[in-house]
Amino acid sequence: MLELELARCSFIDERENVLLIGNPGTGKSHLATAIAAEACAKGYKVKFFRVTELVTMLIEARDQRVLARLKTQLSKLDLLVLDELGYVPATKVGAELLFDVIATAHERSSVMVTTNLPFENWTEVLGSERLIGATLDRLTHRCKIIETKGESYRLQDATRRSRARKS
């Protein structure tokens, strides 16, 4: 099973990326968190960000003229986890800064992305088709893609609890 292979973290040594794609509530963030925790336990340098938080940090760092410092810190990571790409559209500047981080990481470290959007819908979040093409080119080169399927675990849990209350 690919998930067990990822837990061994050899993809980090190979500088491969991981894309976790699927509907909301299907375990992408939990899987990314578990893999990131295992990578930390094995001594890798890891950072986990929601995409919106990282984009905000990048914009603030640029405005405060400390962007180079933040980019240097990010470039020293073995694994950068970008959670929830696709929930909030980024500004043009935010999308460009995010691309720059991904491009810098390309073949130097691993990037893991969780998203609820199929690739063809990434323009909804990052805008420019040209930027999306360049971003996907870097992310999918030497990449493992896991598609999570099924109904939301949270929705299933809410339905179960609702039924239990009614009985």
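Each reported figure results from applying straightforward, stated rules to the coordinates on display, with no laboratory input. Computed from a predicted model, the values in this text were never measured in an experiment. Note that each Cβ is placed from the backbone with ideal geometry, even for glycine, and that neighbours are counted across all protein chains shown.
Numerical summary
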read-out	value
Leading residue by the ranking (surrounded by the fewest Cβ atoms within 10 Å (Cβ to Cβ)) among those in region 91-120 that are in a helix (DSSP H, G or I) and among the β-branched types (Val, Ile, Thr)	Val93
Of all residues making up region 45-90, the number that are crowded, with 17+ Cβ neighbours inside 10 Å, charged (D, E, K, R) and part of a strand (DSSP E or B)	3
Residues satisfying the stated conditions in region 121-144, i.e. touching a helix residue (DSSP H, G or I) at 6+ places or on another chain (Cβ under 9 Å) and either of a type in the set (A, V, I, L, M) or surrounded by fewer than 12 Cβ atoms within 10 Å (Cβ to Cβ) (or both)	Val125, Leu126, Glu129, Leu131, Ile132, Ala134, Leu136, Leu139
Within region 4-25, tally of residues that are part of a loop (DSSP other than H, G, I, E, B) and out of contact with any Cys (no Cβ under 8 Å at 6 or more places or on another chain)	7
Residue within region 53-69 that is of a type outside the set (Val, Ile, Thr) and either under 11 Å from the mean Cα position of the chain (by Cα) or under 25 Å from Glu3 (Cα atoms) (or both) present	yes
